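Student: I have a structure I would like to understand better, so I am pasting it below and will then ask my questions one at a time.
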Amino acid sequence: MSSQEEILRDGRFSCVTRDPRFWEMPEKERKIKIDKRFRAMFHDKKFKLKYTVDKRGRPINYTSTENLRKFYALSESDSDLSEGDTKEHTEKKKKKKKAKPKGEADP
């Protein structure tokens, strides 16, 4: 840590701490936001690949789905809407299933 402090105190590198180009990107901005049309890519079998080795031949124990979750996130407005849509959709199904008995007629 002391070597980093010495580097930051050096006049040649002092602009690095103030320059926004060198700041670390926030977690919220790091992931690409996708809308609800593409949410199937997180759980669909077509998008899931199981790798056994990486490009250099080293063994790995993760799937491509984990990479998708690492780089992509559902947009918050769409995820809220999708939760509300699913609730409304299930309520509509319940109403359709509750059919009137055959003996009753509409007035």
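The values are calculated or read from the model by the stated rules, or taken from the named source; none is laboratory data. Note that the structure is a prediction, hence the values are computed from the model and not measured. When the accessible area is computed, the model is the full protein with side chains, heavy atoms only, and any ligands, DNA or RNA have been set aside. Shrake-Rupley method; radii C 1.70, N 1.55, O 1.52, S 1.80 Å.
Student: First compute the accessible area of region 27-79 with a 1.4 Å probe, then give the percent of it belonging to carbon and sulfur atoms. Walk me through the numbers before you get to the answer.
Tutor: Working: 2500 of 4560 Å².
Carbon and sulfur atoms account for 55 percent of the accessible area of region 27-79.
Student: If you roll a 1.4 Å probe over the heavy atoms of the protein chains, what accessible area per residue do you get for region 27-79, in Å²?
Tutor: Numbers: 4560 Å² over 53 residues.
That works out to 86 Å² for each residue.
Student: Report the rotationally averaged projected area of region 27-79 based on its alpha-carbon convex hull, in square nanometres. Don't skip to the answer; put the middle values down first.
Tutor: Details: hull surface 17.7 nm².
Its Cα hull, projected and averaged over all orientations, spans 4.4 nm².
Student: Please list 3J(HN,Hα) in residue order for region 20-37, calculated via the Karplus relation 6.51 cos²θ - 1.76 cosθ + 1.60 where θ = phi - 60°; whole Hz, with x for glycine and proline.
Tutor: In residue order, the calculated couplings are x, 5, 9, 6, 6, 6, x, 4, 5, 8, 5, 8, 7, 7, 10, 8, 5, 5 Hz.
Student: For Glu29 and Val53 in one chain, what is 0.36 nm times their gap in residues minus the Cα-Cα distance, to one decimal in nm?
Tutor: Values: separation 24, 0.36 × 24 = 8.64 nm, distance 2.99 nm.
Net length gain for the segment: 5.7 nm.
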